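> Below is a structure I'd like to ask you about.
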Amino acid sequence: MTMPVNFDERIDRRGTHSAKWDMMEPLFGVPASDGISMWVADMDFRPPVCVQAALEQMTVHGIYGYFGDDRAYVAAIRWWMQNRHGWAVEPSWIFTTHGLVNGTALCVDAFTAPGDGVVLMTPVYHAFARVIAAAGRQVVECPLALENGRYELDTAGWDAQMTGKERMLVLCSPHNPGGRVWSPEELREIAAFCERHDLVLVSDEIHHDLVMPGHKHMVMPLAAPQALPRLVMMTSTTKSFNIAGAHIGNVIIPDAALRKRFQQRMDALGISPNSFGMVMATAAYSPEGAAWIDALNAYIDGNRRIFDAGVNAIPGLRSMVLEGTYLAWVDFAGTGMEAAEFTRRVGEQARIAVNRGPTFGKGGETFLRFNIATQRDVVEQAVRRLAEAFADLQ
């Protein structure tokens, strides 16, 4: 088995059509020359050697026709979900989409109608609200409770918000941007909320392989099997293995009636997978990919410790404890500054491009999101720059 990649290797991504690095200056005004890009959720690491080797084999062959015979791809998904998450998936349950934003949009299209409400537990991944609103549905923001610096559920409060027009809830598990790994009890509480209000439960678990030591992710069908008649699972290799450009995701639907509705929308829209994504995902879901993920999580945990120690040493800043994902959610409320001021300091003085909290919905107003899936010396440099930008508070 090939040894995991050297995560400390610096890789210059500028000038490679990288959204993360080449759009940093146009979008955030952070100079490409010496800025640090910590916004969009992709990593600055090469994927496992097995993924690169699979692509190289394609290019050597040199013919890029339509993809057929997906048995190895489906078997790889089933192996991964069984071996890494303890969940037995039937082949007929699996649909392949162009990533999970596309998967979310297809769910909205298949299971709701214009004007229907779609529930989001905010703050949450900003693309959900974007595709819901663009489809002419109503975004229903159910705020998470922030208790002792940690997000908790508030299903009693959410019950009071429901009007009967809601048809779906989109769950982010683990949670982006807060980094929560929801407990089995919390997942059952969410499933019960969906049952009370007759909501289709779309569980986006794209970060489910990115979990810090001491925490364990549980897939929704194992935590709450009673939810199966209303459950749509979404998983992908793209975040785990840093192949987001492959635009490939899995929508896994155990219930036959929901599968039929989803298949109809896939057929109506002519959705079919690209061969590059299929080959990369098949290679990633392997024992070599598993060893790489284990090494990656240990490395990100080291970055987390350095980032949190540095940020939390700055008066007024607090980094939420990261249980899963590689996205640090930093609260600037303690600075007493307006959002425009702390955002300006991070962008102009520290020269770091980050995601702005309000884009994640209610509850994000005093936060910024930092992507720490980069080389350790970059994380250390970012922490030093933040300390300098807020030196007057120390």
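> Subtracting the Cα-Cα distance from 0.36 nm times the residue separation, let me have the gained length for Glu56 to His17 in nm, one decimal. Display every interim value, and only then the final one.
Working: separation 39, 0.36 × 39 = 14.04 nm, distance 2.01 nm.
The Glu56-His17 span can extend by a further 12.0 nm.
> Just the accessible area for Asp198, please: 1.4 Å probe, Å², rounded to the nearest 10?
About 110 Å², rounded to the nearest 10.
> With the dipole of segment 1-146 worked out from charges on the C-beta (+1 for Lys and Arg, -1 for Asp and Glu) around the Cα centre, which of Trp87, Ser33, Ala75 lies farthest toward the positive end?
The Cα lying farthest towards the positive end belongs to Trp87.
> For the chain, please report how many Lys pairs fall under 30 Å Cα to Cα, leaving out neighbours fewer than 8 apart on the same chain.
Close lysine pairs under the 30 Å cut-off: 9.
> Gln138's amide H: which non-local residues (gap 5+, or another chain) put their own amide H closer than 5 Å, with H modeled 1.01 Å from N in plane and none for Pro or chain starts?
Gly115, Asp116, Gly117, Val118
> Between exposed trypsin sites (Lys or Arg not before Pro) in the chain, where DSSP calls loop and at most 16 other Cβ atoms lie within 10 Å, what's the longest gap?
Value returned for the longest uninterrupted segment is 15-164.
> Explain nothing, just compute: Karplus ³J(HN,Hα) = 6.51 cos²θ - 1.76 cosθ + 1.60, θ = phi - 60°, for every residue of segment 16-31 in order, whole Hz, x for Gly and Pro.
Once θ is set to phi - 60°, the couplings for segment 16-31 become 10, 6, 7, 4, 4, 9, 7, 9, 4, 6, x, 8, 10, x, 8, x Hz.
> Same structure, new question: Could you run the Karplus curve 6.51 cos²θ - 1.76 cosθ + 1.60 with θ = phi - 60° over segment 80-94 and give me ³J(HN,Hα) per residue in whole Hz, x for Gly and Pro?
The phi angles translate into 5, 5, 6, 7, 9, 10, x, 10, 8, 10, 7, x, 5, 7, 9 Hz.
> Using each residue's phi in segment 355-367, evaluate 6.51 cos²θ - 1.76 cosθ + 1.60 at θ = phi - 60° and report the 3J(HN,Hα) Karplus result to the nearest Hz, with x for Gly and Pro.
Along segment 355-367, the couplings run 7, 8, x, x, 5, 8, x, 4, x, x, 4, 9, 10 Hz.
> While we're looking at this one, here's another question. Please work out the C-alpha center-to-center distance from segment 185-234 to segment 96-129 and express it in whole Å.
Cα centroid of segment 185-234 versus Cα centroid of segment 96-129: 16 Å apart.
> If you put +1 on each Lys and Arg Cβ and -1 on each Asp and Glu Cβ, how big is the dipole of the chain around its Cα centre, in Debye rounded to 20?
Approximately 420 debye in magnitude.
> What residue among Gln57, Ala110, Trp21 has its Cα farthest toward the positive end of the dipole of the chain, where the charges are +1 on Lys, Arg and -1 on Asp, Glu, each on the Cβ?
Value: Ala110.
> What's the longest uninterrupted piece of the chain once you rule out the GluC sites (Glu not before Pro) that are loop residues per DSSP with at most 15 other Cβ within 10 Å?
Result, exposed sites excluded: 10-337.
The values are calculated or read from the model by the stated rules, or taken from the named source; none is laboratory data. Here the structure is a predicted model, which means the values were calculated and not measured. FYI the Cβ positions are ideal-geometry reconstructions off the backbone, even for glycines, and counts take in every protein chain you see. SASA here: full protein model, heavy atoms, side chains in, ligands and nucleic acids out. Shrake-Rupley method; radii C 1.70, N 1.55, O 1.52, S 1.80 Å.
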